[in-house]
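The values are calculated or read from the model by the stated rules, or taken from the named source; none is laboratory data. Just so it is clear, the structure is predicted and the values come from calculations on it, not from any experiment. Note: ideal-geometry Cβ built from the backbone for every residue, glycine included; neighbour counts use all protein chains shown. All accessible areas refer to the heavy atoms of the entire protein, side chains included, with ligands and DNA or RNA removed. Shrake-Rupley method; radii C 1.70, N 1.55, O 1.52, S 1.80 Å.
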Amino acid sequence: MTYTLSTWGNQGDVQGFLRESLSHTNAIVRSAALRGLAPYNAAQQEYFKYLNDPARVVRLDAAWGLMGRLDKRLPVYAELQAYLKQTCDQPVG
């Protein structure tokens, strides 16, 4: 549901809900909240704290949201590169 809300992510109440979802106990919800906020750069500064999340999916989504600003010396950068290398030949969809 949080990713679906990204269409309305520029609205204050939706951004508030997505930001609250960043602290959810479920990693899939945190991941979806990061993806939902990404197009609006609404929480980009907050993304840095999710680079060390215990869940890989959350770390990768945070790294993806910081693409272009991510320090290449961080372990999560190497993790993202490995993920992309592994999945780059997979069909979309």
Going through segment 36-62 one residue at a time, which ones are modelled with pLDDT of 95 or more and either loosely packed, with under 12 Cβ neighbours inside 10 Å or out of contact with any Lys or Arg (no Cβ under 9 Å at 6 or more places or on another chain) (or both)? 54, 56, 59, 60
Step by step: first the residues of segment 10-28, then only those that are open to solvent by less than 40 Å² (accessible area, probe 1.4 Å) and within 15 Å of residue 56 (Cα to Cα), then the one that is modelled with the lowest pLDDT. Which residue is that? 22
